[in-house]
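Some notes on the structure that comes next.
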Amino acid sequence: MEIMNEQQIEKFYRSEVSIIEKKLRTAFINSEPKSLYDPCAYALESGGKRLRPFLVIISAKAVGGKTKNVYNAALAVEILHNFTLIHDDIMDNADKRRGRASLHKVYDANTAILAGDNLMAVSYKYLTKDCKKNVPEIVDHFTQGIIEICEGQSYDKDFELKKNVTIEEYLTMIEKKTAALAEMCCCIGAKIVGGSKSEVNNMAEYGRNLGMAFQLQDDLLDIFGDEKEFGKKVGGDLIEGKKTYLFLKALEKAIGEDKKLLQKVIKNKGIRPNEVNKYKSLYSRLNVFEETKKEIRKYSKNALKCVSKVKDSESKDILSWLTHKLVDRIN
């Protein structure tokens with residue numbers, strides 16, 4: 001079979017994502033009460049890459065299935081993802097999400113909590129529409145994904161109060177909070193269309209490694225990204241005092257005054273916005289950018305190993321493209 005070029009792959013990606021977008025826009029039309037479903041609809045309008053539903057779709061294709069057979073499952077994971085974002089924003093007291101006011105700011109915290117709860121329930125309704133066989137197994141994978149996201153969020157909140165966090169602990173946290181959802185998307189996409197056990201495991205492993213690389217790239221862009229391209233305030237993690245991979249790696253390597261400067265971030269639970277460049281220079285001096293890139297390359301290499309085992313050549317091209325696109329991205 002012919003190798004797909006980048007233009008063809010992007011066309012496939014845009015086409016599949018636009019189907020998901022249309023379905024999301026009509027998900028709550030005519031649903032009552034409006035006081036519940038208008039906030040739910042608002043949450044789903046926030047856009048984004050729609051990476052998670054696309055992972056469901058491409059994983060089904062990778063094991064020889066038809067993409068149309070997993071559209072409801074793809075909607076389920078995107079609806080679920082938005083439930084987690086709503087609750088994250090409430091817990092973090094975040095004013096904005098993807099450049100728009102957070103749901104709890106547009107309405108109120110109680111409305112946002114209820115909308116989030118409803119989205120989680122609705123996600124199950126969509127998931128089961130596509131489940132013809134292995135229903136208990138698929139639902140179990142989906143549920144396990146939610147449990148791990150909650151565990152990851154709990155670790156993340158713990159780290160705000162914990163003075164000493166190890167790099168291993170941080171990697172465990174992002175594996176649960178971010179990578180587990182990507183893993184679940186790939187797993188259920190392959191499983192719903194009847195992928196073999198080894199194919200399902202391979203796609204799940206791909207998702208996990210991709211999720212890890214994706215989150216580490218996000219950490220990196222937070223300090224080394226271009227604010228216009230990234231769409232978020234550069235240095236936000238440091239301002240909030242988050243113990244990211246870059247921060248922990250810098251802390252591990254720093255000595256003397258540099259170490260004191262980093263310990264100050266923990267003591268003060270963050271830095272002032274006008275101090276971001278000072279810490280960015282420190283990260284550069286300690287070679288933290290390259291150290292993080294090395295870790296990102298490790299996970300993306302593992303993801304590409306999984307891609308090499310995929311039989312469908314078109315899917316192989318798309319998965320390779322997706323891996324490079326996400327780990328080399330600037331936003």
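Give the range 279-296 a look and list any residue that's over 16 Å from residue 222 (Cβ atoms) and part of a helix (DSSP H, G or I), or say none. Working first, answer last.
The first filter runs over the range 279-296 and keeps only residues over 16 Å from residue 222 (Cβ atoms), leaving 285-287, 290, 294.
Residues satisfying the conditions are 285, 290, 294.
Please enumerate the residues belonging to the range 283-331 that are hydroxyl-bearing (Ser, Thr, Tyr) and either buried (at least 17 other Cβ atoms within 10 Å of the Cβ) or closer than 21 Å to residue 246 by Cα (or both). Even if it seems obvious, please write down each step before you answer.
Narrowing the range 283-331 to residues hydroxyl-bearing (Ser, Thr, Tyr): 283-284, 292, 299-300, 308, 313, 315, 320, 323.
Within the range 283-331, 283, 284, 292, 299, 300, 315, 320, 323 meet the criteria.
Would it be correct to say that residue 116 is surrounded by 13 or more Cβ atoms within 10 Å (Cβ to Cβ) and among the small types (Gly, Ala, Ser)? If you could, list the steps in order and put the result at the bottom.
Numbers: surrounded by 13 or more Cβ atoms within 10 Å (Cβ to Cβ): yes; among the small types (Gly, Ala, Ser): yes.
Against the criterion (surrounded by 13 or more Cβ atoms within 10 Å (Cβ to Cβ) and among the small types (Gly, Ala, Ser)), residue 116 qualifies.
Can you pull out the residues in the range 187-212 that are over 16 Å from residue 176 (Cβ atoms) and of a type in the set (A, V, I, L, M)?
Selection gives 188, 190, 192, 193, 200, 203.
Looking only at the range 20-56, which residues are exposed (fewer than 14 other Cβ atoms within 10 Å of the Cβ) and either in a helix (DSSP H, G or I) or modelled with pLDDT of 95 or more (or both)?
Those that are exposed (fewer than 14 other Cβ atoms within 10 Å of the Cβ) and either in a helix (DSSP H, G or I) or modelled with pLDDT of 95 or more (or both): 22, 25, 32, 33, 34, 35.
Which members of the range 297-331 meet the condition of being part of a loop (DSSP other than H, G, I, E, B), among the β-branched types (Val, Ile, Thr) and closer than 23 Å to residue 234 by Cβ?
So the first thing to find is which residues in the range 297-331 are part of a loop (DSSP other than H, G, I, E, B), and the list is 309-312, 328-331.
Pick out the ones that are also among the β-branched types (Val, Ile, Thr) and you get 310, 330.
Correct list: 330 only.
Quick one: count up the residues across the range 13-28 that are among the aromatic types (Phe, Trp, Tyr) and within 21 Å of the chain's Cα centre (by Cα).
Here is the first cut: in the range 13-28, the residues among the aromatic types (Phe, Trp, Tyr) are 13, 28.
From the residues that got through so far, the ones that are within 21 Å of the chain's Cα centre (by Cα) too are 13.
Qualifying residue count for the region: 1.
Against the definition (modelled with pLDDT under 95 and either touching a helix residue (DSSP H, G or I) at 6+ places or on another chain (Cβ under 9 Å) or not charged (D, E, K, R) (or both)), how does residue 247 come out, yes or no? Write out each step before concluding.
On the way: modelled with pLDDT under 95: no; either touching a helix residue (DSSP H, G or I) at 6+ places or on another chain (Cβ under 9 Å) or not charged (D, E, K, R) (or both): yes.
No, not satisfied.
Check off (1) in contact with a helix residue (DSSP H, G or I) (Cβ under 8 Å, 6 or more places away or on another chain); (2) at pLDDT 95 or above for residue 196 and give me the number that stays unchecked.
Of everything listed in (1) in contact with a helix residue (DSSP H, G or I) (Cβ under 8 Å, 6 or more places away or on another chain); (2) at pLDDT 95 or above, residue 196 misses just condition (1).
State the number of residues belonging to the range 25-36 that are in contact (Cβ under 8 Å) with a residue 24 or more places away in the chain and closer than 20 Å to residue 78 by Cβ. Break it down into steps so the answer makes sense when it comes.
Applying the first criterion (in contact (Cβ under 8 Å) with a residue 24 or more places away in the chain) to the range 25-36 yields 27, 35-36.
Now restrict to residues that are closer than 20 Å to residue 78 by Cβ: 27, 36.
Residues flagged as in contact (Cβ under 8 Å) with a residue 24 or more places away in the chain and closer than 20 Å to residue 78 by Cβ within the range 25-36 amount to 2.
Restricting attention to the range 272-316, which residues are closer than 25 Å to residue 178 by Cβ and acidic (Asp, Glu)?
Of the residues in the range 272-316, the ones closer than 25 Å to residue 178 by Cβ are 276, 279-280, 283, 286-310, 315-316.
290, 291, 295, listed by residue number.
Output the number of the condition that residue 54 fails; it satisfies all remaining conditions of (1) aromatic (Phe, Trp, Tyr); (2) over 21 Å from the mean Cα position of the chain (by Cα); (3) within 22 Å of residue 310 (Cα to Cα).
(2)
Among the residues of the range 102-117 satisfying the criterion of being assigned to a loop (DSSP other than H, G, I, E, B) and under 15 Å from residue 85 (Cβ atoms), which is modelled with the lowest pLDDT?
Going through the range 102-117, the residues assigned to a loop (DSSP other than H, G, I, E, B) turn out to be 102, 107-108.
Subsequent filtering for residues that are under 15 Å from residue 85 (Cβ atoms) retains 102, 107.
Numbers: 102: 92, 107: 95.
Filtering first and then ranking leaves 102.
Scan the range 254-262 and give yes if some residue there is in contact (Cβ under 8 Å) with a residue 40 or more places away in the chain and in a loop (DSSP other than H, G, I, E, B), otherwise no. Break it down stepwise before answering.
From the range 254-262, those in contact (Cβ under 8 Å) with a residue 40 or more places away in the chain are none; that's our starting set.
No, there is no match, as no residue in the range 254-262 is in contact (Cβ under 8 Å) with a residue 40 or more places away in the chain and in a loop (DSSP other than H, G, I, E, B).
Starting from residues that are at negative phi and charged (D, E, K, R), keep the ones in the range 267-282 and report whichever is surrounded by the most Cβ atoms within 10 Å (Cβ to Cβ).
280
So which pairs qualify, if the first residue must be in the range 88-103 and closer than 24 Å to residue 154 by Cβ, the second must be among the small types (Gly, Ala, Ser) and part of a helix (DSSP H, G or I), the Cβ gap must be under 7 Å, and the two must be at least 6 apart or on different chains?
Filtered contacts from the range 88-103: 90/109; 90/112; 103/43; 103/112; 103/115.
Is the range 166-180 home to any residue that is modelled with pLDDT of 95 or more, in a loop (DSSP other than H, G, I, E, B) and either surrounded by fewer than 23 Cβ atoms within 10 Å (Cβ to Cβ) or under 11 Å from the mean Cα position of the chain (by Cα) (or both)?
Scanning the range 166-180 turns up at least one residue that is modelled with pLDDT of 95 or more, in a loop (DSSP other than H, G, I, E, B) and either surrounded by fewer than 23 Cβ atoms within 10 Å (Cβ to Cβ) or under 11 Å from the mean Cα position of the chain (by Cα) (or both).
Among the residues of the range 76-85, is there at least one that is hydroxyl-bearing (Ser, Thr, Tyr), part of a helix (DSSP H, G or I) and either out of contact with any strand residue (DSSP E or B) (no Cβ under 6 Å at 6 or more places or on another chain) or over 23 Å from residue 125 (Cβ atoms) (or both)? If you could, list the steps in order and put the result at the bottom.
At the first step, the residues of the range 76-85 found to be hydroxyl-bearing (Ser, Thr, Tyr) are 84.
Now restrict to residues that are part of a helix (DSSP H, G or I): 84.
From what's left, either out of contact with any strand residue (DSSP E or B) (no Cβ under 6 Å at 6 or more places or on another chain) or over 23 Å from residue 125 (Cβ atoms) (or both): 84.
Yes; the residues of the range 76-85 include at least one that is hydroxyl-bearing (Ser, Thr, Tyr), part of a helix (DSSP H, G or I) and either out of contact with any strand residue (DSSP E or B) (no Cβ under 6 Å at 6 or more places or on another chain) or over 23 Å from residue 125 (Cβ atoms) (or both).
The values are calculated or read from the model by the stated rules, or taken from the named source; none is laboratory data. Because the structure is predicted, anything quoted here is derived from the model rather than measured. Every residue, glycine among them, receives a Cβ derived from its backbone with ideal geometry; neighbour counts consider all protein chains shown.
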